[in-house]
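See structure below.
Each value in this text was obtained by applying a stated rule to the coordinates, not by laboratory testing. Note that the structure is a prediction, hence the values are computed from the model and not measured. With ideal geometry, Cβ positions are generated from the backbone for all residues, glycine too; neighbour counts draw on all protein chains shown.
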């Protein structure tokens, strides 16, 4: 699979679209480092978010009291996957800070440039509100995708609930039934209820390699496509979170409220949708906390908007887990 990274956007764009580009070229545009054309803002955003502290508090209240649709489920399990420095751990820490209503120390987890210590073990994160109440969902984190990263078969095992907490990833050899970290009898609580691809908008260079020259685009794309197809076979819902959106558009960097009005980001989201075959309605945009000293209600609004839909998809999945395929669709 050949990926073209330099696309003359201004020459091939018709009304904000790229009708002549292949799927590979569109993904190349998604990760292109070439300076974008002069930013054009859409008159109406492609998602409507209710901004304000009052609205945020109401949404957090609703998520704290989320009623699980399957009595066998203790919590909804979300799995986040993506390249190294994509912002997986930053997203998790941002959600923790938001519900704690204060910044959570993440010195050993994330930094402005990404992970300071790459995730090496299968880790499940619980969440509490400012009163210490446990929230009805967990987010599992894995080693980053790519060369010397998590083995794709370990992602499949995680989806099925076969990885035990604390399992140490081996990029060369995936977890097997003989390993102590293998869960041979997973319950519905162990299985993943929603798969989240976390993709950065700035982590790839124009030389067709990962920012630190570890992973060719074409291999990473193929890996994500294979995982996505397997998740479809398991009927697990999937979404995409595009991170570092403030670095993709100067208007968004100035004001996160513009995030769903940026044509550049909209085109990158469409490219991602085309390659992974995930509807544009299931692609979300976030700016994680990494350099801020205090919470920002507008950043929280975008995070809450994203988290709400992810949890709704996961809740629908556990409700329909035992129904025949196609029932209730």
How would 173, 131, 308 line up from fewest to most surrounding beta-carbon atoms within 10 angstrom?
131, 173, 308
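Ordered by packing density, taken as the mean number of other Cβ atoms within 10 Å over each peptide's residues, highest first, how do 237-250, 155-168, 44-57 rank?
Working: 237-250: 21.6, 155-168: 19.2, 44-57: 13.8.
With the highest mean Cβ count within 10 Å placed first, the list reads 237-250, 155-168, 44-57.
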List 68, 145 from most exposed to least, where exposure is judged by having the fewest other Cβ atoms within 10 Å.
68, 145
For the stretch 208-323, I need the span (max minus min coordinate) of the C-alpha atoms along each principal axis, in Å, sorted largest to smallest.
45, 37, 26
Stretch residue 182-residue 124 to full length: gain in nm at 0.36 nm per residue minus the Cα-Cα span?
19.4 nm
Backbone N under 15 Å from the residue 292 label point (7 Å along Cα→Cβ), restricted to the stretch 252-280
252-259
Alpha-carbon radius of gyration plus Dmax, which is the widest Cα pair, for the stretch 62-108 in Å:
13.7, 37
What number in nm² do you get for the stretch 215-281 if you take the convex hull of its Cα atoms and divide its surface by four?
5.1
What is the order of 229, 193, 251, fewest Cβ neighbours within 10 Å to most?
229, 251, 193
